[in-house]
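Enquirer: I have a structure I would like to understand better, so I am pasting it below and will then ask my questions one at a time.
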Amino acid sequence: MSTRTALKISRASHNLISDSLPRSLTTSRRFISTAGSYKTPKPFNEANLHYRPSSPEREKLIAALQELRPRIPVRVPSIKNGQETTAQANQPESETFMPSEAASVFATYNPATEQDVSGAIEAALKAKQAWQDTPFVDRAAIFLRAAELISKKYRFEIMAATMLGQGKNAWQAEIDAAAELADFFRFNVAYADEIYAKQPTLNERGQAGRTDWRPLEGFVYAISPFNFTAIGGNLISGPAILGNVVLWKPSPSNIYASYLVYKILREAGLPANVVQFINGDAQMVTKIALSHPELSAINFTGSSDVFRSLYGQVADGVREKKYRDFPRLVAETSGKNFHLIHSSADISNAVKHTIRASFEYAGQKCSACSRIYIPQSRAEEFFSEMKQELSSVKVGAPEDFGSFIGPVIHREAFNKITKAIDAANKDDRLELIVGGTYDSSKGFYIDPTIYSAKTLDHPLFDQELFGPVLAAYVYPDAEFDSLLTTIDKQGGGFALTGAIFANDITAIRKAEDRLRYAAGNFYTNCKTTGAVIGQQSFGGSRSSGTNDKAGSANMLMRFTAPRTLKEEYHTLDNVLYPSNA
């Protein structure tokens, strides 16, 4: 075994005594040394189940939904020192509602107090040394066990929670709460292993160097959004696998599914206090977290405006010398993503991809297509096929397996989107192609809506709505080249995802080149949504985030504080150099 390979043994710390471990990881007061270069299992993408009629997985999911229904509203407990606590008398209670049944409370919880948040941070910091001293083999095993629990024991339970709590249909819940969540845990273990394996490959004779991939010295503040259960799992797992402790603030709109993620990690062996699960007011939690001198990083997914606020607050803290570290800021935020159709495109394929990209999960994906550019020579064909395909698309409750589009998440989102639709319906600069209607009599349902703009400068090409609304522009075929410049400048300053549909290789390469900075994920003859971990890392720049690429070692590396070590085996004969003679 080479010296470079042997370094991984040191990194795994197999010879540490059990005093450095949480008690939950060993039953012995001695940690028996083992020899060998540890390599984590090769990661793999969780296979998707398809929920066809009468399939075993559909029957199991129906059973999970039927089991959850009578328990609604579900109770999300507060957690202190890894223990679930009951509410005290007169303690305030918050509620979240079912998107598909606006009058039904889905989950209740007691918001954390300022004292709770401060206590959670201190408890995490106290747990930090034991956690970072835990051998990587054991930290990795926790998340690999959690991936197995998600894909088997808890698959249908966490899917049911995601469907009812976040309004996703069976397929959207499958690719999120089951497959992608398990993928994040497995691949983040592999990415950590990849980072730890990065060691110097060149040493002068008589000396050696190595890299100590330390976790950050303080704590990581993770803030996750409502729309993907898996995102919360990613935001906490990457830092934690590397030995960091995390304060996790999930969105209230997916607080129950997030709580299940936390419970699964604890069952898999995650020690108490390594991840602090906090319910409560986002501004208050953020105020406490950002005022703490041991804030070392923020791991965020959400709106660009919120991230700008966080960025500014951290900048103020840095200027005031509030923090020991310069906190790392990692974020994936908003998008105003595009499909570009070239005259050589397969229109039927482009139509199908656009429907999925624009209207799956009611357009509530940061990668959703919300602006499209169609050549004049193919526009009639495109819109005709679009109407035909959408005629078979059903808007309805997540539990109805026939539903392709579900509700938007809550009243605030519904009001924002429908206000824009009302204005667009009266705008003589727009032609309504399909939709423009909505219904909140039971849930927050908005029909898939497409407007064709008569001018290229319409505000809909820059306004992020986060709903099932698509702005289209029909361009003269001869203006394809100049259109690329406009696409690059449009989109509200965002640069997350984009796609070209074409069979002309010259047009494809031209778009790739000219739109190089218009999207962090660029697709050819494929929709803008659906990046798969291990296959396409995900993230954009400009106003769409820090582009650290979720689903890659690059993102995890932001949560390390590498230390370089050098050892010499010889002694110096002289102070002076030969040139001093």
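Readers should treat all values here as calculations from the given coordinates under stated rules, not as data from a laboratory. Every value quoted in this text rests on a predicted model; they were computed, and no experiment measured them. Every residue, glycine as well, gets a Cβ built from its backbone with ideal geometry; the counts of neighbours run over all protein chains shown.
Enquirer: So for each of 137-150, 433-446 I average, over its residues, the number of other beta carbons within 10 Å; can you give me the resulting order with the highest mean first?
Expert: Result, highest mean first: 137-150, 433-446.
Enquirer: Per residue of region 431-439, in order, report the coupling 6.51 cos²θ - 1.76 cosθ + 1.60 (Karplus, θ = phi - 60°) as ³J(HN,Hα) in whole Hz, putting x for Gly and Pro.
Expert: Taking θ as phi minus 60°, the curve returns 10, 6, 8, 7, x, x, 10, 7, 7 Hz for region 431-439.
Enquirer: To make sure I understand, if each residue's beta carbon is the centre and we count other beta carbons within 10 Å, what order do I417, I533 fall in, fewest to most?
Expert: By the 10 Å Cβ count, ascending, the order reads I417, I533.
Enquirer: Still on this structure, please answer the following. All other residues with a Cβ under 15 Å from the Cβ of I150 taken together, and with Lys, Arg as +1 and Asp, Glu as -1, what is their net charge?
Expert: That sum, taken over residues with Cβ under 15 Å, equals -1.
Enquirer: For L456 and N81, calculate 0.36 nm times their separation in residues minus their Cα-Cα distance, and state this gained length in nm to one decimal.
Expert: Contour length minus the Cα-Cα distance gives 129.4 nm.
Enquirer: With label points built 7 Å along Cα→Cβ from the Cα atoms of V105 and S118, find their separation and express it in nm.
Expert: In this crude spin-label approximation the distance works out to 3.0 nm.
Enquirer: Which whole-number value in Å³ per residue fits the convex hull of the alpha carbons of region 43-156?
Expert: So the per-residue hull volume is 162 Å³.
Enquirer: Something else: Restricting attention to region 189-273, which GluC sites (Glu not before Pro) occupy a DSSP loop and are surrounded by at most 10 other Cβ atoms within 10 Å?
Expert: The qualifying sites are E204.
Enquirer: Using only helices, what value at 222 nm comes out for the chain when you add -39,500 (n - 2.57) per DSSP H run of length 4 or more and divide by the total residues, to the nearest 500 deg cm²/dmol?
Expert: That comes out to -11000 deg cm²/dmol.
Enquirer: May I ask you to give the average projected area over all directions of the convex hull of the Cα atoms of region 514-557, in nm² rounded to one decimal?
Expert: 3.5 nm²
Enquirer: While we're looking at this one, here's another question. Which ³J(HN,Hα) values in Hz, rounded to whole numbers, follow from the phi angles of region 509-515 under the Karplus curve 6.51 cos²θ - 1.76 cosθ + 1.60, where θ = phi - 60° and Gly and Pro get x?
Expert: 5, 5, 5, 4, 6, 6, 9
Enquirer: Can you work out the FRET efficiency for the pair E389 and E204, with r the C-beta to C-beta distance and R0 = 60 Å, to the nearest 0.05?
Expert: That pair, E389 with E204, gives E of 0.35.
Enquirer: Greater than 24 Å separation of Cα atoms is the criterion. Which listed pairs, K42/K365; K287/K416; K336/K454; K249/K322; K365/K394; K387/K510, meet it?
Expert: K42/K365; K287/K416; K387/K510
Enquirer: Sorted from fewest to most neighbouring beta carbons within 10 Å, what does the list F277, F185 look like?
Expert: The fewest-first ordering by Cβ neighbours comes to F277, F185.
Enquirer: A follow-up question, please. How much FRET efficiency would the formula 1/(1 + (r/R0)^6) give for Y38 and S541, where r is the Cβ-Cβ distance and R0 is 35 Å, rounded to 0.05?
Expert: That gives a FRET efficiency of 0.50.
Enquirer: For a quick check: with amide H placed at 1.01 Å from N, whose amide H comes under 5 Å from A561's, ignoring anything fewer than 5 positions away on the same chain?
Expert: Amide H to amide H, under 5 Å and 5 or more residues apart or across chains, A561 pairs with R214, L216.
Enquirer: Here's a follow-up. Amide H of R328: which non-local residues (sequence gap of 5 or more, or other chain) have their own amide H closer than 5 Å, using H built in the peptide plane?
Expert: The list, which skips near neighbours in sequence, is A297, I298.
Enquirer: Then there's this: In nm², what is the average projected area of the convex hull enclosing the Cα atoms of region 375-435?
Expert: 5.6 nm²
Enquirer: Could I ask something else about it? Give me the distance in nm between label points sitting 7 Å out from Cα along the Cα-to-Cβ direction at Q66 and A47, one decimal.
Expert: 2.6 nm
Enquirer: Could you check the simple spin-label distance between Q129 and L432, using points 7 Å along Cα→Cβ, in nm with one decimal?
Expert: Simple spin-label model gives 6.7 nm for this pair.
Enquirer: Please compute the alpha carbon radius of gyration of region 412-570, then divide it by the globular-protein estimate 2.2 N^0.38 Å. Two decimals is fine.
Expert: The reported ratio for this selection is 1.37.
Enquirer: Between V532 and E93, how high is the FRET efficiency from 1/(1 + (r/R0)^6) when r is the Cβ-Cβ distance and R₀ = 51 Å? Nearest 0.05.
Expert: Efficiency, rounded to the nearest 0.05: 0.85.
Enquirer: Among bridges DSSP assigns within region 337-537, what percent are antiparallel (round to 5)?
Expert: 20 percent
Enquirer: Return I505, I175 ranked ascending by Cβ neighbour count within 10 Å, so the fewest neighbours appear first.
Expert: Fewest to most other Cβ atoms nearby, the residues stand as I505, I175.
Enquirer: Please quote Rg/Rh for region 201-285 to two decimal places, taking the Kirkwood radius as Rh and restricting both calculations to Cα atoms.
Expert: 1.18
Enquirer: Next question, about the same structure. Could you give the distance between the Cα centres of region 399-419 and region 156-176, to the whole Å?
Expert: Computed from Cα coordinates, the inter-centre distance equals 14 Å.
Enquirer: What do you get for Rg/Rh of the chain when both radii come from the Cα atoms and Rh is the Kirkwood radius?
Expert: Result for the chain is an Rg/Rh of 1.01.
Enquirer: For region 155-261, place one equal point scatterer on every Cα, skip the solvent, and apply the Debye formula. What is log10 of I(q)/I(0) at q = 0.13, 0.15 Å⁻¹?
Expert: -0.55, -0.67
Enquirer: Roughly speaking, what is the centre-to-centre gap between region 490-550 and region 86-124 when only Cα atoms are used, to the nearest Å?
Expert: That distance is 38 Å.
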